[in-house]
Amino acid sequence: MNRRHLIPRRVAVFGLVAQAAAFRATTGVAATPEGLAVWHYKGQVSDFFNAAEMKSPSYPVSYVNVEGGKMVLNAYRAKALDYAFMSQIPALFAGQNASPFRLIAAIQGGVSYAGLLVPEKSTAASVKDLRNKKIGYVPATNHHYYLLKILTDNGMTPDDIQPVPLSAAAGRAAFVGGYLDALISDDYVAELLMEESAARWLTSDISSGGLSFFAISARVGAMDDRIKSGLIEDYLVRERATWDWVAANPEAWSRIMAAETAVPERIFRRLSAGRQHAVKLVPVTQDMIREQQKAADLFFSEGSLPNRIDAESLWDLRFSRLLQ
């Protein structure tokens, strides 16, 4: 098997949905007809703006509703997106010089746990018992990294299994339907699968090589535009303030997440209680870049990236002063 087939060759941008943002009052940036296109998925920071009493921007915000990973990369390439939350992994697959975006800030504390789930009736007692078995994962995301990390930690490669690249929703459906022998999962989806279908962790102990942060990204062309750069700066400040509100209001966060995702509130309460650190928007550090470099080197060594990636080149630090 060619390991590069872990990444689908063509992923179209589907379902770009623009919605006008409606908040309450106005702040910092002068009124402008220029707008900002921001990625949105269930439970993103904009879902908490009203509860956090975040003032309304003086510019239009349109929300682009697509799943993460390759879908976000394609939206950036189509110039349909200016700003997005993502794991640290998609930037590795966007390429270095040709990447349409850069990472501009890090989000700590949002990573709870991740690992490999197996169905209730699975007889697997270790990862090595999954040789030649079908394992689902979301390509070009943190799930893709966790798959490679778990295999490597157990002396295996993608050639030893049947990797099945799927969207997050398709992966969950395939797992519940019995079409997969295991699934890379994390966060509330993993909790829900364990509660509703009695799935169990085969391994979730990847703390030695786990990913400790998510990232905020912005389109290069938007950052280089004088007006759009100001909008990105304003939205980034709003995001930081809102995550500070989330850290101080875990019960309200749980209620809103339950409403946005249709997942029981008790699951989010468990996740909140299990966090070792509050979610916080911070400037990137050299330790974070070293962590991302290790992930890049793993993808390259396993054949998922055609070229070595310099993780530091994926970052643009012009907004770091706002997060000190």
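Rounded to the nearest 10 degrees, what's the angle between the helix 250-261 long axis and the longest principal axis of the chain, both from Cα atoms, 0 to 90? That helix lies at roughly 70 degrees to the long axis. Taking ILE150, ILE216, ILE227 in turn, the Gaussian network model of the chain (Cα-Cα springs below 10 Å) assigns the largest fluctuation to ILE227. Only one item in (1) 21.5; (2) 20.9; (3) 20.3 matches Kirkwood radius over Cα pairs in Å derived from the coordinates shown, and that item is (3). What does the charge count near VAL38 come to, summing +1 for each Lys or Arg and -1 for each Asp or Glu among other residues with Cβ under 13 Å from its Cβ? It works out to a net charge of -1.
Structural descriptor for the chain: relative contact order 26 percent, calculated from alpha carbon pairs under 8 angstrom and at least 6 residues apart.
With K and R counted +1 and D and E -1, the other residues having a Cβ less than 11 Å from that of ALA106 yield a net charge of -1. Relative to the dominant Cα principal axis of the chain, helix 226-248 is inclined by about 60°. Considering only beta bridges that DSSP places wholly inside the stretch 114-203, some 55 percent are antiparallel.
Relative to the longest principal axis of the Cα atoms of the chain, the long axis of helix 142-153 makes an angle of roughly 30 degrees. Cross-link partners for LYS134 among the lysines, with Cα-Cα distance under 18 Å and sequence neighbours closer than 8 places in the same chain left out: LYS121, LYS149.
When +1 charges are put on Lys and Arg Cβ atoms and -1 charges on Asp and Glu Cβ atoms, the dipole computed for the chain relative to its Cα centre reaches about 440 debye.
Charged neighbours of GLN292, selected by a Cβ distance under 12 Å, balance to -3 (K, R count +1; D, E count -1). Just checking the listed ones, HIS144, HIS40, HIS277: in the Gaussian network model of the chain with Cα springs under 10 Å, the one fluctuating most is HIS277. For LYS55, the lysines whose Cα comes closer than 20 Å to its Cα, not counting residues fewer than 8 places off in the same chain, are LYS228, LYS280.
Bear in mind that the values in this text are calculations on the coordinates, not laboratory data. These figures come from a predicted structure and were not determined experimentally. In this analysis, Cβ positions are derived from the backbone assuming ideal geometry, glycine residues included, and neighbour counts consider all displayed protein chains.
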